[in-house]
1. Is there any pair linking a residue in region 306-325 that is within 19 Å of Val336 (Cα to Cα) to one that is of a type in the set (Gly, Ala, Ser) and in a helix (DSSP H, G or I), with Cβ under 7 Å and at least six apart or on different chains, and which?
2. Please determine whether any residue of region 337-345 is without any contact (Cβ under 8 Å) to a residue 60 or more places away in the chain and among the aromatic types (Phe, Trp, Tyr).
3. Is it fair to say Ala43 is at pLDDT 90 or above, crowded, with 16+ Cβ neighbours inside 10 Å and aliphatic (A, V, I, L, M)?
4. So, in region 140-194, exactly how many residues are among the β-branched types (Val, Ile, Thr) and modelled with pLDDT under 75?
5. Evaluate the following for Arg94: is it among the charged types (D, E, K, R) and either in a helix (DSSP H, G or I) or in contact with a Phe, Trp or Tyr (Cβ under 7 Å, 6 or more places away or on another chain) (or both)?
6. Please name all residue pairs, on different chains or six or more residues apart, with Cβ atoms under 6 Å, provided the first residue is in region 166-179 and is assigned to a helix (DSSP H, G or I) and crowded, with 20+ Cβ neighbours inside 10 Å and the second residue is modelled with pLDDT of 90 or more and among the small types (Gly, Ala, Ser).
7. For residues that are hydrophobic (A, V, I, L, M, F, W, C), surrounded by 19 or more Cβ atoms within 10 Å (Cβ to Cβ) and in contact with a Ser or Thr (Cβ under 9 Å, 6 or more places away or on another chain), tally how many sit in region 202-218.
Amino acid sequence: MSTTRAVSRAFYRHPAFLPHRFLKSAGIRRFGSANALLVLLTAACLTLCSAADHSLTLPNGGYGLLEHPGIFGWLLIQATLPVTIYRTVRKAMRTRGNYRRLSRVSGDLGFQKDLLEPLISFIAIETERSRVLYSTLFTFGFAAFAWTMFQNLWPGKLAPHDFWDSIHYTRGYTGACVYKFYMHTLLIPSVLHIFFGVVWFHASFLKGLVRRRCIRILPFATDRCGGIAFLSELILSPAITALGLSGLAFFGVVYTHRQVDASTLIGVLAQSAVLILFYAIPTVLLRGAITRLKSDEIAEIKERQRSYYAEICAGKLRGAALRDAHAYTTYFDDVVKKVEKIPRWPHLYRIFGTFGATLTPALVLSSLNLLTQAYKLIEGHPLPKP
């Protein structure tokens, strides 16, 4: 079986992508097209449920389907996250040339045996470690699903009135229950599981190459990351996508609840968790190897510099040879500075800029909600006159 077919088979084994697999067997072979069709079908089903309950729009401060920012946020997550992780997996399988450019040996680096094959088995949930991780993520997802559906059992108390209100709009609640189960317990755990697998196996493969001194960092690489930007790119795209989507979801929660409550704190924690899971932890896994590569390269450059300096001090060099030795010692200092500038935390400013930009709208709205709550409290209980 070819690598491409093996990767595709492993990817579609995830329960979240069984609908995509069915559409592929029906003739829709492009993953993006299949995913877009599923999003449209989901939106159509939720619209039918809401229309049957006459809850497309709701009076008196309620949120009908067409008024609820949360549902549009979830549909956007469904439309973008699967495509992002699918592209990340395809990109991760095409990094053989990137590793080869870093190689300092002429032999095989073990890309197929030590990276591709274990990663494919992990994605396919065929190993014990993979099954444990997926089960753990599924459990957390199910807990989130249970909490959000429990909230809608108490409309007006734990959650606002909306089209998936369990008491007044049973069809909307049922449709939302099925959809939230898919999103919380299947799709998001699958995306996280695959992403963690990609990062873990690439980081482990990189550390093995560094330990065996099979690769070296490239001070003059055009990516300004020593030639290893391809690894940080595997992290960057999912991280920015996840931060953007979680920020929109957080804003939707703040907008619908219209008060500072437990959901506001959960939103901040969720956004911080996305930053940690999609950027901090993966980058920490790579950071040790990057530091080791930089240290090894600087040590090798310094050794060459010392050899030239020793010849100068010995007084054996004359004329052009002496001038060349002086030039080399100065040049090696410049190369060391170049190596030292290679970032240990790639794309740090870009990630934190995205984090701040996605968190700010929800925090601003939360501040306004808090001021409104304080105003109502003061109006209802005026301060005693002196």
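The values are calculated or read from the model by the stated rules, or taken from the named source; none is laboratory data. Remember, it's a predicted structure, so these values are computed and weren't measured experimentally. For neighbour counting, all protein chains shown are included, and Cβ atoms are generated from backbone atoms with ideal geometry for every residue, glycine included.
1. Final answer for the pair search is Tyr308/Ala325.
2. Scanning region 337-345 turns up no residue that is without any contact (Cβ under 8 Å) to a residue 60 or more places away in the chain and among the aromatic types (Phe, Trp, Tyr).
3. yes
4. So the answer is 1.
5. So Arg94 fails the test.
6. If the second residue must be modelled with pLDDT of 90 or more and among the small types (Gly, Ala, Ser), no pairs are left.
7. Final tally of qualifying residues: 2.
Here is a yes/no grid of residues against (1) among the hydrophobic types (A, V, I, L, M, F, W, C); (2) touching a residue at least 40 places away in the same chain (Cβ under 8 Å); (3) in a helix (DSSP H, G or I):
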site: Arg100; (1), (2), (3): no, no, yes
site: Gly107; (1), (2), (3): no, no, no
site: Ile120; (1), (2), (3): yes, yes, yes
site: Arg129; (1), (2), (3): no, no, yes
site: Tyr134; (1), (2), (3): no, yes, yes
site: Thr139; (1), (2), (3): no, no, yes
site: Ala143; (1), (2), (3): yes, no, yes
site: Phe150; (1), (2), (3): yes, no, yes
site: Leu153; (1), (2), (3): yes, no, no
